[in-house]
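K.L.:
Got a structure for you, written out below as structure tokens; questions coming shortly.
Laboratory data are not the source of any read-out in this text; all were calculated from the coordinates shown. Fair warning: this is a prediction, and the values are worked out from it, not measured in the lab. A quick note on method: Cβ atoms are made from the backbone with ideal geometry, for glycine too, and the neighbour counts reach across all protein chains shown.
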Amino acid sequence: MMATEGPFLAAVIARLADPTINLAAYGVAFAFAILIESPVIMLMSASTALVTNSQTYRKLRNFMHVMNVTATAFLLIVLIPFVYEWLTIRLLGLPPEITRLTYGALWILLPWPSAIGYRRFLHGLLIRAGHTRLLAYGTTLRLGVMILTAISLYTLWDWPGAWIGAASLSLGVTAEALVARIMAAKTLRNLNTNKNLSTTNVDDKLNYLEIVKFYYPLALTSFISLTVQPLLTFLMGRAPSPLESLAVFPVVHSLSFFFRSFGLSYQEVALAVLQENRENFPRLARFALWLGLATSLGIASIAFTPFTIIWFEQIAGLRPELTGLASTSLKILVPVPALSVFLSFLRSIYIQARMTSLITAATVVEVLTLAILFILLGWTLDMPGVIAAFYAFLGGRLAGVLFLLKDIKKCELV
């Protein structure tokens, strides 16, 4: 459900004034927001793996607050005018009209990092307690608030499309964080009365040093992996067809994310099941295989059929001259949803085995492969920026999966 946000907002922005510029600005703002929130992304995995009683809950809750404040402070630093100008104009080389719209969108996204961190921390507790259905209810509310905000601003206010997209995301995730706290109330009461979330043999005590040792490789992993979108934005700005590429990229990326999202969700599910009983590994592996095949077949059903024109022109609202670029990009990404499922499953195994540093190493391999491939394709062979970007994305994801497969036997599950 969360993955429907991107296509919906891209479709709204594409139907407003100056769609190409606003789609590009929205994509840049979202790339910045994702990068800044990256340290808090893995709080869901951390709370799923570490919180078992009142003591571990309080320790990780305090850690979560520090991470949220830090992420918000980084966004405020980016918004300092001379820092922002250096990043967007001198470093990224963005056109002035995109720079202006992106600046306003980032101010609107200021609540985003803390809301994401708090929500993911609570969702980890709910997953560990077996209340996964509640996550879907919260996401339904998030989507409802986002859609209502987008439609209201579209109808009543003369805002740029990039700002409408940012406001919809910001209000939606804030509402979801608030309702997550309400839904987690019973779980928190159980923790505060020292009722464990699990009967497995987990240490009853947890100190901040142990949290940092466990978490920093995960935070570094999410930071490195989430540099992909800002990195590709930077590289596309200096490759052939920069404006067209920046406009098409968020539309195709958000559609592919819908199919990749099933794999992202699988990481916490597999982790929770492995924590309960490691003998569940064969069934989890079979499920990952079928899930990966199903998600890649799903995106292929759009990429290689006439529906691709219907999607990009009639639903996403792209101009016909951009549709060809978008269609080619989507075909490149067909294997990526399956690779994302396998990557999430492998990560869950390494997290369960407390071997999080290898996850970081795999992410470094993925991003380095991506950068090298883009430089070769986009800057050396003069391939259109967005085409080079998605070829590089595919190659990097494959490299990350292969790296984790190389050391999988060290986890003593296979």
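K.L.:
At 0.36 nm per residue, minus the direct Cα-Cα distance, what do Met1 and Ala353 gain on full extension? Give it in nm, one decimal, please. Don't skip to the answer; put the middle values down first.
P.N.:
Values: separation 352, 0.36 × 352 = 126.72 nm, distance 3.01 nm.
The span from Met1 to Ala353 would gain 123.7 nm if fully extended.
K.L.:
Right, another one. Taking Cα centroids, how far is the range 26-50 from the range 73-110 in Å?
P.N.:
Between the Cα centre of the range 26-50 and that of the range 73-110, the gap is 19 Å.
K.L.:
Given points 7 Å out from each Cα along the Cα-Cβ axis, report the His131 to Phe74 separation in nanometres with one decimal.
P.N.:
Once both label points are built, they end up 3.0 nm from each other.
K.L.:
Ok, one more. For the chain, set up a Gaussian network in which alpha carbons nearer than 10 Å are linked by springs, and say which option among Pro217, Pro306, Pro320 fluctuates the most.
P.N.:
Of Pro217, Pro306, Pro320, the most mobile in the Gaussian network model is Pro306.
K.L.:
Does anything in the range 223-250 have its amide N under 14 Å from the 7 Å Cα→Cβ label point of Glu321, and if so which residues?
P.N.:
Residues 241-245, 247-248 qualify, since their backbone N sits under 14 Å from the label point.
K.L.:
For the range 293-362, run through the chymotrypsin sites (Phe, Trp or Tyr not before Pro) and keep only the ones in DSSP coil with at most 13 other Cβ atoms within 10 Å of their Cβ. It would help to have the intermediate numbers written out before the result.
P.N.:
On the way: sites: Phe304, Phe307, Trp311, Phe312, Phe342, Phe345, Tyr350; in loops: Phe304.
In loop regions of the range 293-362 (DSSP not H, G, I, E or B), the sparsely surrounded chymotrypsin sites (Phe, Trp or Tyr not before Pro) are Phe304.
K.L.:
What is the fewest-to-most order of Leu92, Leu398 by other Cβ atoms lying within 10 Å of their Cβ? Don't skip to the end; give the middle numbers.
P.N.:
Details: Leu92 21, Leu398 17.
With the sparsest Cβ surroundings first, the list reads Leu398, Leu92.
K.L.:
Compute the length gained on full extension between Lys409 and Val66: take 0.36 nm times their separation in residues and subtract their Cα-Cα distance, giving the result in nm to one decimal. Before the final figure, lay out each step's value.
P.N.:
Values: separation 343, 0.36 × 343 = 123.48 nm, distance 3.53 nm.
Result for the pair: 120.0 nm of gain on full extension.
K.L.:
Round to the nearest 0.05 the FRET efficiency obtained for Leu402 and Arg238 when R0 = 30 Å and r is the Cβ-Cβ distance. Working shown, then result.
P.N.:
Details: r = 29 Å, r/R0 = 0.96.
The calculated FRET efficiency here is 0.55.
K.L.:
While we're here: Report the Stokes-Einstein translational diffusion coefficient (µm² s⁻¹, integer) for the range 1-72, Rh taken as the Kirkwood radius over Cα pairs, at 20 °C with viscosity 1.002 mPa s.
P.N.:
Details: Rh = 14.7 Å.
Roughly 145 µm²/s, to the nearest whole number.
K.L.:
Which value at 222 nm does the chain reach when only helices count, each DSSP H run of 4 or more adding -39,500 (n - 2.57), with the total divided by all residues and rounded to the nearest 500 deg cm²/dmol? Can you show the working numbers first?
P.N.:
Numbers: 18 runs with 314 residues, N = 414.
That comes out to -25500 deg cm²/dmol.
K.L.:
Here's a follow-up. What value does the range 1-209 have for Rg/Rh, both radii from Cα atoms and Rh as Kirkwood defines it? List each step's numbers first, then the result.
P.N.:
Working: Rg = 19.0 Å, Rh = 18.2 Å.
Answer for the range 1-209: 1.04.
K.L.:
Which of the residue pairs Lys213/Lys406; Lys213/Lys409; Lys59/Lys406; Lys213/Lys410 have a Cα-Cα distance greater than 26 Å in the structure shown? Working shown, then result.
P.N.:
Details: Lys213/Lys406 23 Å; Lys213/Lys409 22 Å; Lys59/Lys406 34 Å; Lys213/Lys410 19 Å.
Violating the 26 Å Cα-Cα cut-off are Lys59/Lys406.
K.L.:
Could you please rank Ile299, Ile98, Ile211, Ile309, placing first whichever residue has the fewest other Cβ atoms within 10 Å of its Cβ? Please list the in-between numbers first.
P.N.:
Numbers: Ile299 22, Ile98 26, Ile211 18, Ile309 15.
By the 10 Å Cβ count, ascending: Ile309, Ile211, Ile299, Ile98.
K.L.:
Just grab the label-to-label distance for Asn277 and Leu188, each label 7 Å out from Cα along the Cβ direction, in nm (one decimal).
P.N.:
3.3 nm
K.L.:
While we're on this one: Which ordering of Val251, Val40, Val365, Val212 is given by a fewest-first count of other beta-carbon atoms within 10 Å?
P.N.:
Numbers: Val251 30, Val40 26, Val365 18, Val212 11.
Arranged by neighbour count, lowest to highest, Val251, Val40, Val365, Val212 become Val212, Val365, Val40, Val251.
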